[in-house]
Amino acid sequence: MPAGRGFLRLLEHGLRVRVAAVDSALMDPFLAIVLGSIALVLAAFIVIGILNSPGTGSEQLGWKTTHEHDRTQAVREAEDLEQMLEAANVRRRARGEAELTVDGLLEDEDVRRGMM
């Protein structure tokens, strides 16, 4: 008997494969309970997060706006300049030279660039 004939013979005899049927009436409440539980847990987390977090999310993470970052950087640069000038002036005083000032440095820079 050829290979194809065996398959045809099974079809002729009406071999039926029984598939396990799912009872929809029983699955609907189960699905509702599972999805409802997930929704309830998510809602609980959201409520807990809203009630227990003082301030905004960016405050919690320590994020700063661009303007705050620029202001902080300007303050640090001014402090660095003051420290460098003080260190230079200590050396200049020890040598007996005149002290440097911010205004004097800016004038020297303008002269070097040819702006005056």
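Here's the yes/no breakdown for (1) in contact with an Asp or Glu (Cβ under 9 Å, 6 or more places away or on another chain); (2) of a type in the set (Val, Ile, Thr):
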| site | (1), (2) |
| --- | --- |
| 46 | no, yes |
| 51 | no, no |
| 62 | no, no |
| 74 | no, no |
| 80 | no, no |
| 83 | no, no |
| 87 | no, no |
| 94 | no, no |
| 102 | yes, yes |
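At pLDDT 85 or above, of a type in the set (Asp, Glu) and surrounded by 10 or more Cβ atoms within 10 Å (Cβ to Cβ), is that true of residue 107?
no
The values are calculated or read from the model by the stated rules, or taken from the named source; none is laboratory data. Values in this document were obtained by computation on a predicted structure and should not be read as measured data. Ideal geometry is used to build each Cβ from the backbone, glycine not excepted, and the neighbour counts take in all protein chains shown.
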